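To start, the structure itself, in structure tokens.
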Amino acid sequence: MIKIMIVEDDPMVRKINENYSNQFESMNIVSSVSDIEEAKEYLLKNEVDLILLDVFLPSGNGLDFLKWIRGNEISSDVILITAENKINSINEAFRYGVMDYLVKPFTFERFEEAMKKYLVRYKDIGCSDRIGQDYIDKYITGINLNKDKKESKEKVLIRGLNIDTYNQIKDHIDSLDDSNTAEVIADGVGLARVTVRRYLDYMVKEGDLKLIRVYGKVGRPIHLYKKK
């Protein structure tokens, strides 16, 4: 079970945080307090996986409490749930390693999103010695980047280009070490030069390809294409 601490002085908001947290079967609220000193005392004696923390508290500032947590090498993850929306406070919170930042009033959907992101780390990363790039991307961004890349390429179809042709040209370029002209690339894939040039222009625009312009003494520059 994931051990959760809630630090919130508003009884109504604290109850909302409790109710929302209880909707996740894998989570168990081990401490729900309104006082920072009480929270510190508990943390020094008990392990907590995740802290749901407010910033404006009668007993102190939540950001100062966050710094105390890090200074005492307490490994609990922290999600801030607060009315504080100043950019300096938000930046400071992320510098001290908060996992997410929810601004009041917040919806259950946004709370759920934050918790699911945490579960990705707890289940997929926390229980493994080594992980792949896909898991890292999923944890940091909360999305599957490989899926997004696939969806991005599927947009090619909307632009009147063919995904199979796109992949054919891109794979050929990736297999080359040097930069080449559109003519050389077209000959390599066996397609018309005018067709290949359309795909190359699109790849450059999308940031999938590097364009190098070589200028001579006269005339137009030579366009060379190279994998990134």
Relative contact order for the range 153-227, counting Cα pairs under 8 Å that sit 6 or more residues apart, in percent
29
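At a Förster radius of 35 Å, what calculated FRET efficiency corresponds to the Cβ-Cβ distance of PHE94 and ASN167, to the nearest 0.05?
Details: r = 37 Å, r/R0 = 1.07.
E between PHE94 and ASN167, to the nearest 0.05, is 0.40.
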Considering amide H positions built from the backbone, and no H for Pro or chain starts, which residues 5 or more places from LEU102, or on another chain, come under 5 Å of its amide H?
LEU80, ILE81, THR82
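Exactly which GluC sites (Glu not before Pro) in the range 66-128 are in a DSSP loop and have at most 15 other Cβ atoms within 10 Å?
Values: sites: GLU73, GLU84, GLU92, GLU109, GLU112, GLU113; in loops: GLU73, GLU84.
Here the GluC sites (Glu not before Pro) that fit, given the DSSP loop and packing criteria, are GLU73.
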Working out 0.36 nm times the residue gap between ASN85 and LYS116, then minus their Cα-Cα distance, what length gain in nm do you get to one decimal?
8.9 nm
Spin-label proximity, ILE222 to the range 178-197 - amide N less than 20 Å from point 7 Å beyond Cα toward beta carbon
178-189, 193-194, 196-197
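Given a cut-off of 22 Å, name the pairs among LYS3/LYS117; LYS3/LYS40; LYS205/LYS227; LYS116/LYS228; LYS3/LYS67 whose C-alpha atoms lie farther apart than that in the structure shown.
Working: LYS3/LYS117 16 Å; LYS3/LYS40 15 Å; LYS205/LYS227 13 Å; LYS116/LYS228 34 Å; LYS3/LYS67 20 Å.
Distance filter (> 22 Å) returns LYS116/LYS228.
How large is the translational diffusion coefficient of the range 2-143 in µm² per second when you combine the Kirkwood radius over alpha carbon pairs with Stokes-Einstein at 37 °C and 0.692 mPa s?
Details: Rh = 15.4 Å.
In µm²/s, the coefficient is 213.
Give the dimensionless ratio obtained when the Cα radius of gyration of the range 153-227 is divided by 2.2 N^0.38 Å. Walk me through the intermediate numbers first.
Working: Rg = 12.3 Å, N = 75, 2.2 N^0.38 = 11.3 Å.
Taking the Cα Rg and dividing by 2.2 N^0.38 Å, one obtains 1.09.
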Quick query: amide H of VAL48 versus all other amide H atoms, modeled in the peptide plane; which residues come in under 5 Å with a sequence gap of 5 or more or a different chain?
none
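Under the 0.36 nm per residue contour assumption, what length would be gained going from the current alpha-carbon distance of LYS104 and VAL30 to full extension?
Numbers: separation 74, 0.36 × 74 = 26.64 nm, distance 2.32 nm.
Between LYS104 and VAL30, full extension yields 24.3 nm more.
Laboratory data are not the source of any read-out in this text; all were calculated from the coordinates shown. Since the structure is predicted, the reported quantities are computational estimates derived from the model, not experimental observations. Quick reminder, even Gly has a Cβ in these numbers, built from the backbone with ideal geometry, and neighbours come from all protein chains shown.
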